[in-house]
Amino acid sequence: MATALIGGAITGGILLKGSGESSTVKAVEDRDPAPVSASPAPSRPTSSPSASPSASGSASASASRSAAASASKSPKAAAAPPPAGSALGSWPTATAGRPVTSTVEVSGTYDGGLKRFFGSGALGGDGQDEDQDAVFELADGATLKNVVLGAPAADGVHCLGSCTLENVWWQDVGEDAATFKGTSPSARYTVIGGGARKADDKVFQHNGAGTLTIRNFQVAEFGKLYRSCGNCDTQYKRHVVIDNVRATGPGNTLVGINANYGDTATLSGVTIVGDSGMTVCERFQGNSTGAEPDKIGSGPDGTYCRYGTSAITYK
């Protein structure tokens, strides 16, 4: 059975989707292999929102690779995210490049060693086309850490359930940086450290249920940092917690939520740089029909948009 490793030091089994076999591999030396690809796998049904800009779609029939890894020590080159409330660090320099031609499926923990992963072949898109495949797809409970996503980035990262994105950096966001799809109200998604640049529309798209926490993160040149899906076929109550985030303009909206579904946004320690006109929290009337959701208000209201004036600093 052929196996391949897309980079970084991984301990654990590498499972080629559809093979039914796994093999244990040891850490490999840091070198740039040929683009990663895999045998075609059947498409996977997912909740498919209609015309929403960033809606999750059913997975295409493109090949996918599984990188199931147990926890491993972070390489020396990988900088740990800062503790809560601390100053945010500078953007990292990638240690190497890795082209990815089919979605990498992760269970357990995958440490990329601050290598730069970018789409190639079927993942070579960088536009706003709906239903693009992700570069990384995380199983429920998985962790992706110390990764730089370069252009083209396709649809970034998909989380199928609770997940952790630690010290992940998007140099040029494609359709979305990450999409959260877990269907359980108890799903917990955590983004800690890292940053994203050049998002024409959304950085984080919340299509599923549960709570997303974004902490010690920086974003620049973006449409929205977070959006609760406005017109997914299946709608949920969603929550987002934003703490110690620096947003550098131009930016349109920091957070967009659906008040009619009971969404909440709790913000603290937000610094907005160079864009005093940025909307901090916008409320929408969401729907499940595919229609463009109506804007119904913005600003703190104590119920849906939960923050005070001291939570936002302008520079």
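For the range 257-300, which residues satisfy the criterion of being open to solvent by less than 40 Å² (accessible area, probe 1.4 Å) and free of Cβ contacts under 8 Å to residues at least 24 places away in the same chain? The answer is GLY299, and nothing else. Taken over the range 184-220, residues that are farther than 20 Å from THR264 by Cβ and surrounded by fewer than 22 Cβ atoms within 10 Å (Cβ to Cβ) amount to 6.
Taking the criterion of being surrounded by 24 or more Cβ atoms within 10 Å (Cβ to Cβ) and at pLDDT below 95, the residues of the range 150-175 that qualify are ALA153, ALA154, ASP155, GLY156, VAL173, GLY174, GLU175. With respect to THR143, is the statement that it is open to solvent by 10 Å² or more (accessible area, probe 1.4 Å), under 15 Å from PHE217 (Cβ atoms) and either assigned to a loop (DSSP other than H, G, I, E, B) or among the β-branched types (Val, Ile, Thr) (or both) true? The answer is no for THR143.
Is it true that some residue in the range 199-217 is in contact with a helix residue (DSSP H, G or I) (Cβ under 8 Å, 6 or more places away or on another chain) and over 18 Å from ALA177 (Cα atoms)?
Quick first cut of the range 199-217, residues in contact with a helix residue (DSSP H, G or I) (Cβ under 8 Å, 6 or more places away or on another chain) only: none.
No - not one qualifying residue is present in the range 199-217.
Of all the residues in the range 221-239, those that are under 16 Å from ASP172 (Cα atoms) and surrounded by fewer than 21 Cβ atoms within 10 Å (Cβ to Cβ) number 2.
Note on the range 182-206: among residues that are touching a strand residue (DSSP E or B) at 6+ places or on another chain (Cβ under 6 Å), in a loop (DSSP other than H, G, I, E, B) and in contact (Cβ under 8 Å) with a residue 60 or more places away in the chain, the one that is farthest from TRP91 (Cα to Cα) is GLY193.
Within the range 301-310, being in contact with a strand residue (DSSP E or B) (Cβ under 7 Å, 6 or more places away or on another chain), assigned to a loop (DSSP other than H, G, I, E, B) and either open to solvent by less than 60 Å² (accessible area, probe 1.4 Å) or farther than 20 Å from THR213 by Cα (or both) holds for one residue alone: TYR307. Within the range 273-285, does at least one residue satisfy the condition of being touching an Asp or Glu at 6+ places or on another chain (Cβ under 6 Å) and part of a strand (DSSP E or B)? The answer is yes; a qualifying residue exists. The set of residues from the range 218-234 being touching a Leu at 6+ places or on another chain (Cβ under 8 Å) and free of Cβ contacts under 8 Å to residues at least 60 places away in the same chain comprises VAL219, LYS224, LEU225, TYR226. For the range 146-161, filtered to residues that are in contact with a Ser or Thr (Cβ under 9 Å, 6 or more places away or on another chain) and outside any strand (DSSP E or B), the residue that is farthest from LYS198 (Cα to Cα) is GLY161.
Within the range 252-262, track down each residue that is more than 18 Å from the chain's Cα centre (by Cα) and part of a strand (DSSP E or B). Listed by number, the residues that qualify are ASN252, ASN258.
The values are calculated or read from the model by the stated rules, or taken from the named source; none is laboratory data. Keep in mind the model is a prediction, meaning the values are calculated, not measured. As a convention, Cβ positions derive from the backbone with ideal geometry for all residues, glycine included, and neighbour counts pool all protein chains shown. Note: areas computed on protein heavy atoms with side chains; ligands, DNA, RNA excluded. Shrake-Rupley method; radii C 1.70, N 1.55, O 1.52, S 1.80 Å.
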